[in-house]
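Written below as structure tokens is the structure these notes are about.
Readers should treat all values here as calculations from the given coordinates under stated rules, not as data from a laboratory. Small disclaimer: the values here were computed from a predicted structure and weren't measured. Ideal geometry is used to build each Cβ from the backbone, glycine not excepted, and the neighbour counts take in all protein chains shown.
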């Protein structure tokens, strides 16, 4: 499958480790998580993770717009999203993995945790798309800015650009944002792994999908391990790592949220030349307007879309603290 790119034709991103030789690259610990002993004592593949959706599923309407908020980028966007009414719970093997709400505008908002085993990513993505069957999908996730390799002809106007991958027939607003310089293609040799890639892959292959887009926001926070262990601390509140890198760009040392505020246009100083009447819109402001994200207020904080995930993190921190004194 080809994805839109300025010069290259990028392969479909992978949501798991791959091997060109056909042999497994999993080590013994990872392999043990994927296998179990059968009745005759031989190793057999573990059963596929059970993904369940519970709640007012009847409110979901097929053929609409779905927005997936994932990892640090999704959690930051979710801070400006008001979650009201009944919500649909998403669980994987009985553990909470996500939340689905239907906004007043009709958009389906999906808040997903990435702290999941690799083996559960594709079943999770497939189940959600089977139920939602959206005609248009936008996946909001993060890419690690310090390790990203820009193309040789990358413009110097932004040291921390918003990137995207799109289906062969991207939505018109995405093409418009690209032509305006608000979005740039995610280029090889860079690779993506994890839940965002699984969601995009399933979306592109879905018969109901007309357009699929993966929006990638830059982050300086160290990436989480693909298969755990996962940090029990929110990437929004974590201060380690992200505050030590500014790429010569607009981020502020000591403030890990400065990069996001700059992209959203909420971190500019009043009275500055950049805030003049003829100033160019901040990238995330341009995205919000072009995609019609009326459900997101980029000036607000305290959204509860990931409150369930933060509760689980607190419980895990409490358990880890208790184990230290046992």
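Side notes on the structure shown:
- Largest to smallest principal axis extent of the C-alpha atoms in segment 156-219, angstrom: 38, 26, 18
- Prolate/oblate/rounded label for segment 101-150 (Cα gyration tensor, a/c 1.5): oblate
- Using the Cβ-Cβ distance between residue 152 and residue 226 with R0 = 51 Å, the FRET efficiency computed as 1/(1 + (r/R0)^6) comes to roughly 0.95.
- Rounded to whole Å, the principal axis extents of the Cα atoms in segment 74-165 read 46, 34, 25, largest first.
- Least to most buried among 113, 257, 159 (fewest other Cβ within 10 Å first): 159, 257, 113
- Taking each residue as 0.36 nm, the span from residue 299 to residue 324 lengthens on full extension beyond its C-alpha to C-alpha distance by 5.0 nm.
- Footprinting exposure proxy for 45, 199 (fewest neighbouring C-beta atoms within 10 Å first): 45, 199
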